[in-house]
1. Could we say that ALA467 is within 30 Å of ASN212 (Cβ to Cβ) and surrounded by 17 or more Cβ atoms within 10 Å (Cβ to Cβ) here?
2. Scan the helices (runs of 4 or more DSSP H) fully inside the range 485-570 and keep the ones with 2 or more residues being away from ligand 2 (no atom under 16 Å from the Cβ) and within 28 Å of ALA141 (Cα to Cα).
3. Give the residue that is surrounded by the fewest Cβ atoms within 10 Å (Cβ to Cβ), with candidates limited to residues of the range 349-358 that are within 12 Å of ligand 2 (Cβ to nearest atom) and farther than 17 Å from ALA491 by Cβ.
4. Please determine, by comparing only the residues of the range 98-118 that are under 15 Å from PHE437 (Cα atoms) and within 16 Å of ligand 1 (Cβ to nearest atom), which one is surrounded by the fewest Cβ atoms within 10 Å (Cβ to Cβ).
5. Output the residues belonging to the range 543-562 that are within 24 Å of the chain's Cα centre (by Cα), among the small types (Gly, Ala, Ser) and surrounded by fewer than 23 Cβ atoms within 10 Å (Cβ to Cβ).
6. Given the residues ASN451, ASN380, which is the only one that is buried (at least 16 other Cβ atoms within 10 Å of the Cβ), assigned to a loop (DSSP other than H, G, I, E, B) and touching a His at 6+ places or on another chain (Cβ under 7 Å)?
7. Search the range 400-426 for residues being β-branched (Val, Ile, Thr) and under 30 Å from MET237 (Cα atoms), and hand back the single one that is nearest to ligand 2 (Cβ to nearest atom).
8. Against the condition surrounded by fewer than 24 Cβ atoms within 10 Å (Cβ to Cβ) and in a helix (DSSP H, G or I), how does LEU305 come out, does it pass?
Amino acid sequence: MNLSVTEKIIKAHLLEGELIAGSEIALKIDQTLTQDATGTMAYLQLEATGIDKVKTEISVSYIDHNTIQMGFKNPDDHRYLRTVAAQYGVVFSPAGTGICHQLHLENFAKPGKTLIGSDSHTPTAGGLAMLAMGAGGLSVALAMAGKAYSMTMPHIIGVELKGKLQGFSAAKDIILELLHRLTVKGGVNKVFEFFGDGVTHLSVPERATITNMGAELGATCSLFPSDEQTRKFLSSMGRAQDFIPLVADENASYHEVIVINLDELQPLVACPHMPDKVMPVAELAGLAVQQVAIGSCTNSSYADLKMVALLLKDKKINPKTDLLISPGSKQVLAMLAEEGLLTHMLTAGARLLECTCGPCIGMGGSPQSASVSVRTFNRNFEARSGTLDAQVYLVSAQTAVQVALHGQFTDPNTWQGSTDKIELPASVPSIRSLFIFPEESIDTEILRGPNIVALERFSSLPETLRANITLKVGDNITTDHILPAGAEITALRSNIPAISEYIYSRVDADFVERCKKTDTGVIIGGENYGQGSSREHAALAPRYLGVQMIIAKSFARIHHANLVNFGILPLVFVNGKDYDNCQIEQELIFNSSDFVVGGEFPLSISGETVIVTSTLTEKEWKIIQAGGLLNTISL
Ligand code: MIC
Ligand code: SF4
């Protein structure tokens with residue numbers, strides 16, 4: 001049988017199931033990663049499993065999302081994460097060391113291995129030929145505890161890259177082109193596997209930009225083969241021993257093949273407020289821009305930032321435009337410093353931020369009111385920047401630096417400066433000594449602060465569920481809509497009672513009060529409900545508020561899994577008109593005995609029969625009936 005790279009990795013890790021798209025499979029997980037905003041919950045859940053030490057080859061806990069430390073909450077969370085890591089054998093990456101995905105790529109990712117991470121951009125490591133997937137914190141905790149990871153066997157889509165990027169076109173434009181063609185729901189339950197002569201010209205960090213933002217397609221993950229570029233990257237990182245060659249067999253078959261001709265690709269931009277609202281940069285020429293932000297797990301590598309520094313050299317950014325730069329890791333920062341490149345950035349007028357997520361998740365760096373902010377990031381959901389009426393555009397680092405210099409979008413045909421490709425040196429300074437490996441830790445007990453509130457177990461699903469519709473929303477609702485980010489709210493990630501007060505706060509200010517007035521709630525959603533961030537709080541906190549069912553037109557993959565993990569029943573409308581008829585406060589009655597795995601079944605809304613279905617497996621239905629995954633675990 002001729003296998004793709006994806007199939008080879010899945011086959012080597014398959015514990016249950018078969019390589020049949022759409023069926024349920026369970027995989028052995030080699031590595032995990034967590035970050036602080038989702039990590040506290042993941043480790044509280046790991047503690048609840050009662051195991052002594054993690055059972056993975058390596059698990060890493062990164063502090064990169066909330067490092068603002070206004071008050072005791074974040075520092076307490078960081079201390080908890082450091083001490084719990086030592087206890088359970090997890091590598092700890094202190095605040096400021098870098099962004100989880102960039103650091104993981106540089107230090108731990110290995111071709112052919114499996115990785116799940118409590119962050120939706122975990123597929124970044126697919127740039128190094130890993131099967132790397134985002135998941136909820138509980139799923140990651142169970143993988144750390146040695147449990148198999150259950151998922152739907154994805155359809156494997158081949159993306160053939162032909163030719164070579166020209167001029168100022170960048171890897172970012174390849175993924176923007178895919179988003180343009182497929183939309184933010186075009187990748188659900190699919191893996192995007194890249195091949196073709198165009199692949200050989202892309203460095204690992206460029207590949208990682210693409211696999212990172214495959215998350216915006218809703219994809220399970222994306223990945224590249226392990227080839228000469230992979231070998232070069234690993235050897236620069238001082239990890240030549242981690243290289244294995246891994247390419248698809250000749251004539252490997254893909255469910256579908258998409259072809260992108262790199263020679264013809266021009267600089268692209270995703271317009272407000274969705275990553276798939278893509279158009280050529282040239283069409284926006286003349287639009288004034290008040291802020292440019294360069295960084296995030298998508299575009300903060302050494303090559304990205306060196307290119308930015310060289311284009312800024314001996315120039316000044318436009319005085320009406322603010323330029324923020326956050327390097328992806330201290331390794332990148334140290335290299336820029338050693339080569340004198342920071343000077344070019346600083347003297348051009350850029351502001352240098354810490355090596356963290358920063359403005360990407362509204363941790364500072366919010367734009368002015370009603371202004372235009374151009375970012376090299378991966379998400380431009382409304383209000384995510386922290387400024388409700390800001391217009392956020394997503395571009396490559398090449399485009400961003402041109403915008404900062406001109407104070408507006410301009411036609412790429414007029415851009416000046418070198419387009420030479422920047423290569424990583426053969427060997428780069430290691431920052432591994434900054435990680436705290438468990439054997440080196442001096443922490444002997446787990447320290448918690450008052451903001452860290454123990455987990456609640458939820459009750460099982462009753463035979464007859466009577467509930468009221470507490471909210472109705474439209475298509476493409478993101479987990480940022482459900483639970484906004486930003487410094488103030490993210491500081492409450494380890495405190496479910498407190499954070500639940502913010503659920504849907506920017507969509508419907510009365511939602512929480514409405515939930516409090518009814519015992520059990522139901523949310524009605526449109527297509528692709530729950531896309532975006534993996535934050536399980538977007539399921540956990542609604543469950544805490546009494547939501548036990550969501551009926552939507554379709555669901556995003558990670559959020560669907562999180563709903564199951566916390567015992568919320570995700571159902572799908574069979575007839576679109578039933579969605580139209582639903583209204584807040586209507587009463588819903590559902591009998592568990594009517595449920596059919598893989599089939600259609602009735603429930604009643606306001607006395608009318610409505611036919612629904614679900615994509616739940618037998619196993620998932622049992623988890624929902626038990627009131628969530630933790631209630632079913634025996635280790
Ligand atoms: C994001 O980019 O939305 C985040 C913040 O990294 C999230 C994780 C979180 O909400 O903590 C993600 O992508 O999963
Ligand atoms: Fe951090 Fe932004 Fe990447 Fe999420 S998308 S991990 S917030 S840099």
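1. In short, no.
2. 496-499, 537-544, 557-565
3. LEU353
4. In this case the residue turns out to be LEU103.
5. Scanning the range 543-562 gives a single hit, SER554.
6. Only one candidate passes the filter, namely ASN380.
7. The selected residue is VAL401.
8. Considered against the rule, which asks whether it is surrounded by fewer than 24 Cβ atoms within 10 Å (Cβ to Cβ) and in a helix (DSSP H, G or I), LEU305 comes out as no.
The values are calculated or read from the model by the stated rules, or taken from the named source; none is laboratory data. It should be emphasised that the depicted structure is a prediction, and the values quoted were computed from it without experimental measurement. We place every Cβ from the backbone using ideal geometry, glycine too, and count neighbours over all the protein chains shown.
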